[in-house]
Every structure is written in structure tokens, then in C-alpha cells.
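To keep things clear, I will list the structure first and then write my remarks on it.
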Amino acid sequence: MIVTISKQEDKTLVELNGRIDSTNADKFQQEMEPLMQGEKPDIDVDCSGLTYISSQGLRVFLLLQKSVMARKGKLVMRNMNPRVKEVFDITGFSNIITII
Amino acid sequence: MRKKRFNPIKDKTSEIMEFLMASPDMPQDENLRFKIELSIEEAVDNVVRYAYEGGIGWLEVGTSLNEESLILTIELRDAGTPFNPLEKDDPDVTLPAHDREIGGLGIYLCKQMMDSISYRYEDGNNVLTMTKRIDS
């Protein structure tokens, strides 16, 4: 799993590449930690390179979404492959996170 | 059934997954493999994390394929604390983010991705069996 975080004006861009599973979800959470701070975050996550996600990975996105909502910010995930999208659909995460 | 016993299992989730996914019983179809891999990971991760105090113990995993019905069976057996993961209520997947709890989604995903999942306690072992028809 490679996480690339960059800034574009007020937007935070995140690029995910690889797998998020039970063996690296804790490390992934640490890498996402910078996104859990700051006022009114505007986070855009490009998932085109995300090939796999298990429940331990979903857990991190729930934490992130809760954190973003508490700070009145915005979180958008985009370019999800259909298999990964199905995991978000089945678990209802597609209803709590904006996926475009 | 093609079986292997892993002991110890602490931090061995990747190794156990690799063994199972390399089984000749597994389908080639990428979509099916994704669903099966995810289900196995959730089930294996549950045992690795919770079955044994301190993670010290064994897990035996196996696969078999019925060539006629094309039903793939995956079995997990451990001697940890008796625990039926299917007794837990399904999470409410319609709740908004702030009402959602962290966790509880693993076994739910298995139930959704596989055709059947069953549990029995046998000879002092937890036995979890999952099946999936693999003609896609």
C-alpha cells in the first residue's frame, strides 16, 4: 500500500495504490493521521490504484469520515474499481461517504 | 481436502492467505477470487486476533472442490476459545456515519460474499465452513 498525500490550494489530495488489508490497516491509519487534523478539511481520495480492501481498511475510512464531519469538512472518494466499490456498497459505506 | 496447520499464527495472516489462495481448488476468475479472498481474510483475521490469548495457538485451513457441483469449500479449524461468529447480530448497514460502530463488518462481509457459512464446535475445536459455487 502506497499513500501519497499532497496539497492543492485548500484541497488535500490523497492517492491510494495497492491493498488495504488486516496486515497493513494499522500502518494505513497512521499514514492517514495527518488528515484527521485541521479545520474544515477538503479531502479528495483517488482510489484508481486501490485493488483490495477488507473490513480493517473500511474501519479507517469510517474514522476519517467521522473526523471530517466533526470538523465540518468534505471527503470525496473517486475512481473506485467495481470490486472495491462493491465492498463499500454491501457495508453501506457508499451511503456514508461520497463516492463519485 | 488440501489442508495445512499453521502454528503459531500470530502475524501469520499473509502466509495463511497465500497458502489458501494458491490452492488449485481456487477459481481463476478475478471477481470470484476477490470475494473468496476477502471472506477468507476476514475469517482468518478473526481467529488470529481473538481465538487465542496472546495469539499462541494453531489454525488449520483447508480447501476442497466438488468437481461436479463446482462448489468450493473452505474450512478453518482452531482450538481457541469456543466462539460462534454467526451468533452475532448483523451490523445495521443503513445507519449514518456517526451512529456506525467501528468493527463488526468482517463476518457480515463473509456472509454476503459467500454462498453459505456455518459454524460447529467439534472435538474441542471451532470449525468454520464457507462454500461458494465457482462457475461464473
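The values are calculated or read from the model by the stated rules, or taken from the named source; none is laboratory data. Computed from a predicted structure; not experimentally measured. Every residue, glycine as well, gets a Cβ built from its backbone with ideal geometry; the counts of neighbours run over all protein chains shown.
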**Among (1) farther than 30 Å from residue B:12 by Cα; (2) outside any helix (DSSP H, G or I); (3) in contact (Cβ under 8 Å) with a residue 24 or more places away in the chain - the single one residue A:49 does not satisfy** = (1)
**Exclusive hit being touching a Gly at 6+ places or on another chain (Cβ under 6 Å), surrounded by fewer than 20 Cβ atoms within 10 Å (Cβ to Cβ) and either more than 14 Å from every other protein chain (Cβ to nearest Cβ) or in a loop (DSSP other than H, G, I, E, B) (or both), set B:4, B:10** = B:10
**Asked** Can we say residue B:37 is within 14 Å of chain A (Cβ to nearest Cβ), modelled with pLDDT of 95 or more, surrounded by fewer than 17 Cβ atoms within 10 Å (Cβ to Cβ) and not in a loop (DSSP other than H, G, I, E, B)?
**Response** no
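Quick grid of which residues meet (1) touching a strand residue (DSSP E or B) at 6+ places or on another chain (Cβ under 7 Å); (2) of a type in the set (Ser, Thr, Tyr); (3) under 23 Å from residue B:101 (Cβ atoms); (4) in contact (Cβ under 8 Å) with a residue 60 or more places away in the chain:
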| site | (1), (2), (3), (4) |
| --- | --- |
| A:3 | yes, no, no, no |
| A:6 | yes, yes, no, no |
| A:12 | yes, yes, no, no |
| A:15 | yes, no, no, no |
| A:26 | no, no, yes, no |
| A:64 | yes, no, yes, no |
| A:72 | no, no, yes, no |
| A:79 | yes, no, no, no |
| A:83 | no, no, no, no |
**Message:** Within region A:80-96, take every residue that is within 8 Å of chain B (Cβ to nearest Cβ) and under 14 Å from residue A:52 (Cα atoms) and give me the one that is surrounded by the fewest Cβ atoms within 10 Å (Cβ to Cβ).
**Reply:** A:83
**Asked** Can you tell me how many residues in region B:77-100 are more than 9 Å from chain A (Cβ to nearest Cβ) and of a type outside the set (S, T, N, Q)?
**Response** 13
**Complete:** Restricted to region B:17-33 and to residues being over 19 Å from residue B:115 (Cα atoms) and loosely packed, with under 14 Cβ neighbours inside 10 Å, the residue farthest from the other protein chains (Cβ to nearest Cβ) is B:24
